[in-house]
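Asker: Please find one structure pasted underneath; my questions will follow.
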Amino acid sequence: MIPRGLRDGTAIVTGGATLIGQVVVRAFHEAGASAVVADIDAAGGDSLARELGARVFFSATDIRDDGQIERCVADTVERFGGVDVLVNLACSYVDEGAASGRQDWLELLDVNVVGTAMMTKAVRPHMAAKRRGAIVNLTSISAKVAQAGRWLYPVSKAALVQLTRNMAMDLASDGTPRQLGLTGVDVVQGDGRDLGRRPRQDRPRRRTLPSPRPRRRPRGSGSRRPLPLQ
Ligand SMILES: NC(=O)c1ccc[n+]([C@@H]2O[C@H](COP(=O)([O-])OP(=O)(O)OC[C@H]3O[C@@H](n4cnc5c(N)ncnc54)[C@H](O)[C@@H]3O)[C@@H](O)[C@H]2O)c1
């Protein structure tokens with residue numbers, strides 16, 4: 001659900017042309033907001049924009065390209081008068097685990113991490129000017145669960161969790177109070193506070209340590225198959 005204060009605004013949704021991105025764009029549209037689909041999927045983005053009408057605009061944007069990012073943000077401001085929400089959702093899943101080469105690493109990090117940082121950098125002055133804005137970074141449970149055969153995607157999502165925390169600290173001073181990292185379990189808000197379940201090392205230390213107990217593996221755990229994670 002789109003928060004009440006954002007329903008009359010404008011959202012840029014990177015990766016808005018497919019699956020989850022389309023759902024997000026439709027939610028903004030249904031709430032009364034304008035939305036820009038920033039994606040490399042021209043067919044998907046165009047057809048979504050045509051279906052939803054004047055308040056939804058497709059911007060052919062590759063978030064690995066700073067020039068295209070700048071043009072997307074400038075077109076959004078020109079058409080809708082500003083940017084109130086940025087949803088950093090575009091991602092790459094290309095991951096050959098240990099077999100991945102340097103180019104694979106750079107490519108995936110460019111989309112999943114650097115693209116998010118550059119989109120944020122581009123919208124920041126527009127949000128700061130209005131002292132209003134929200135940034136939502138889509139991460140994943142893969143950020144914190146060990147998975148065999150996947151090195152790139154989980155690492156990129158873990159990096160995004162930390163990027164969201166630090167981003168929240170810096171952007172809060174712009175007067176844009178909402179920066180959210182959605183991981184399924186962690187929600188980080190604009191003052192850097194972690195509102196969801198926190199990683200163990202971030203939790204406050206106990207004054208007295210509990211007496212050590214021998215750790216036992218739960219019954220049947222040896223045969224448990226890994227869950228499919230995205
Ligand atoms: N699908 C899941 O089960 C799941 C689970 C947890 C988190 N997520 C997160 O949700 C988000 C969306 O996932 P999804 O499964 O819908 O992904 P998807 O692959 O269906 O969509 C990603 C979108 O990003 C776009 N994209 C890729 N590279 C781009 C680039 N360089 N510039 C601009 N756009 C680009 C693609 O064209 C596509 O439209 C991702 O951030 C993903 O990590 C998904």
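The values are calculated or read from the model by the stated rules, or taken from the named source; none is laboratory data. As the structure is a prediction and not an experimental result, all values here were calculated from the model. Methodologically, a virtual Cβ is constructed for each residue, glycine included, from the backbone with ideal geometry; neighbour enumeration extends over all protein chains shown.
Asker: Select, from ALA60, ALA43, ALA38, the only residue that is hydrophobic (A, V, I, L, M, F, W, C) and over 23 Å from MET118 (Cα atoms). Spell out how you get there, then give the answer.
Answerer: Numbers: ALA60 fails: over 23 Å from MET118 (Cα atoms); ALA38 fails: over 23 Å from MET118 (Cα atoms).
So the residue among ALA60, ALA43, ALA38 that is hydrophobic (A, V, I, L, M, F, W, C) and over 23 Å from MET118 (Cα atoms) is ALA43.
Asker: Looking only at segment 107-136, how many residues end up being at pLDDT 95 or above and under 23 Å from THR18 (Cβ atoms)?
Answerer: Within segment 107-136, residues that are at pLDDT 95 or above and under 23 Å from THR18 (Cβ atoms) number 16.
Asker: Within segment 106-115, does at least one residue satisfy the condition of being farther than 19 Å from VAL25 by Cβ, out of contact with any strand residue (DSSP E or B) (no Cβ under 9 Å at 6 or more places or on another chain) and more than 15 Å from the ligand (Cβ to nearest atom)?
Answerer: Within segment 106-115, none of the residues are farther than 19 Å from VAL25 by Cβ, out of contact with any strand residue (DSSP E or B) (no Cβ under 9 Å at 6 or more places or on another chain) and more than 15 Å from the ligand (Cβ to nearest atom).
Asker: Next question. What number of residues within segment 121-176 are surrounded by fewer than 16 Cβ atoms within 10 Å (Cβ to Cβ) and outside any helix (DSSP H, G or I)?
Answerer: Summing the residues that are surrounded by fewer than 16 Cβ atoms within 10 Å (Cβ to Cβ) and outside any helix (DSSP H, G or I) in segment 121-176 gives 7.
Asker: Report, by residue number, each residue of segment 61-95 that is of a type in the set (Asp, Glu) and in contact (Cβ under 8 Å) with a residue 24 or more places away in the chain.
Answerer: ASP66, GLU70, ASP75, ASP84, ASP95
Asker: Pick out the one residue from ALA54, ALA17, ALA42, ALA11 that is touching a strand residue (DSSP E or B) at 6+ places or on another chain (Cβ under 9 Å) and within 8 Å of the ligand (Cβ to nearest atom).
Answerer: Numbers: ALA54 fails: within 8 Å of the ligand (Cβ to nearest atom); ALA42 fails: within 8 Å of the ligand (Cβ to nearest atom); ALA11 fails: within 8 Å of the ligand (Cβ to nearest atom).
Residue meeting the stated conditions: ALA17.
Asker: Pairs needed: first member in segment 129-153, free of Cβ contacts under 8 Å to residues at least 60 places away in the same chain and more than 15 Å from ALA172 (Cβ to Cβ); second member anywhere, within 14 Å of the ligand (Cβ to nearest atom) and among the basic types (Lys, Arg); C-beta distance under 7 Å; at least 6 residues apart or different chains.
Answerer: If the second residue must be within 14 Å of the ligand (Cβ to nearest atom) and among the basic types (Lys, Arg), the pairs left are THR139/LYS157; ALA143/LYS157.
Asker: Continuing with the same structure: Out of curiosity, is ARG64 surrounded by fewer than 21 Cβ atoms within 10 Å (Cβ to Cβ), within 10 Å of the ligand (Cβ to nearest atom) and basic (Lys, Arg)?
Answerer: yes
Asker: Which residues, taken from segment 126-159, are within 15 Å of the ligand (Cβ to nearest atom), farther than 17 Å from LEU108 by Cα and among the hydrophobic types (A, V, I, L, M, F, W, C)?
Answerer: Across segment 126-159, the qualifying residues are ILE135, VAL136, ILE141, VAL145.
Asker: Then there's this: Taking LEU86 and the conditions (1) surrounded by 24 or more Cβ atoms within 10 Å (Cβ to Cβ); (2) within 19 Å of TYR153 (Cβ to Cβ), which numbered condition does it fall short on, given that it satisfies the others?
Answerer: (2)
Asker: I would also like to ask the following. Could you check segment 33-55 and list, in sequence order, the residues that are in contact (Cβ under 8 Å) with a residue 40 or more places away in the chain and of a type in the set (Asp, Glu)?
Answerer: ASP39
Asker: Right, something else. I'd like the residue in segment 2-60 that is at positive phi and either exposed (fewer than 15 other Cβ atoms within 10 Å of the Cβ) or of a type outside the set (Gly, Ala, Ser) (or both) and, out of all such residues, is modelled with the lowest pLDDT.
Answerer: Restricting to residues being at positive phi and either exposed (fewer than 15 other Cβ atoms within 10 Å of the Cβ) or of a type outside the set (Gly, Ala, Ser) (or both), the top hit is LEU19.
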